Amino acid sequence: ASDMYKACVGPNSLQFSQALFYSGVIYLEARDLETALECLEECLLIRRRAAGDDNNKDFSTNSADNADTLQYIGRVYSEMGNSAEAMKYFKASLWAKESILGKDHLEVAASYFDMGNLFLFKKKDFGAAVQFYQKSIV
């Protein structure tokens, strides 16, 4: 079905990237982490090309959709137990959301909340978790 959809809308279309994004979210929830990561990384690549920041290697972005994708990639890495990689994506998402939406936006709070979860559940660093949770209260 995804090959048919890809053929209809085009492999580099934003519609296909949206389908990849939601597929990645579903695979994350189903705990098929490798497939989730593949979907989300392909989604990010398509979105970056569309936004004109596909040559950017430092994870910065000029798009709120890309920031959401970065956050979900961070969640996948967190579930895989790769805290360092997860934090890298969470920070990139946070930076983008603050730049695009402002520091008091609910989406910024969601990024801090994910960082708190990483420190609480994966790193068992309760002090750091509390700090991130406090920042998530807008």
*Do the sum for the chain: with -39,500 (n - 2.57) for every DSSP H run of n ≥ 4, divided by all residues, what is the mean residue ellipticity at 222 nm, to the nearest 500 deg cm²/dmol?*
-24000 deg cm²/dmol
*If you line up the long axis of helix 14-29 against the longest principal axis of the chain, both from Cα atoms, how many degrees apart are they, to the nearest 10?*
50
*Measuring from label point to label point, each 7 Å out along Cα→Cβ, what is the LEU106 to LYS124 span in nm?*
3.5
*Can you give the FRET efficiency for GLN131 and GLU38, using 1/(1 + (r/R0)^6), R0 = 35 Å, r = Cβ-Cβ distance, to the nearest 0.05?*
0.60
*All Cα pairs of the stretch 1-82, percent lying beyond 15 Å*: 53
_Degrees separating the helix 106-117 axis from the principal Cα axis of the chain, which is the longest one_ = 70
*asked:* Using all alpha carbons of the chain, what is the percent of pairwise distances in each 5 Å bin, ordered from the shortest bin to the longest?
replied: 2, 12, 19, 21, 20, 14, 7, 3, 1, 0
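Just so you know, all these numbers are worked out from the coordinates, no wet-lab data involved. Fair warning: this is a prediction, and the values are worked out from it, not measured in the lab. Positions of Cβ are generated from backbone atoms using ideal geometry, with glycine treated the same way; all protein chains shown enter the neighbour counts.
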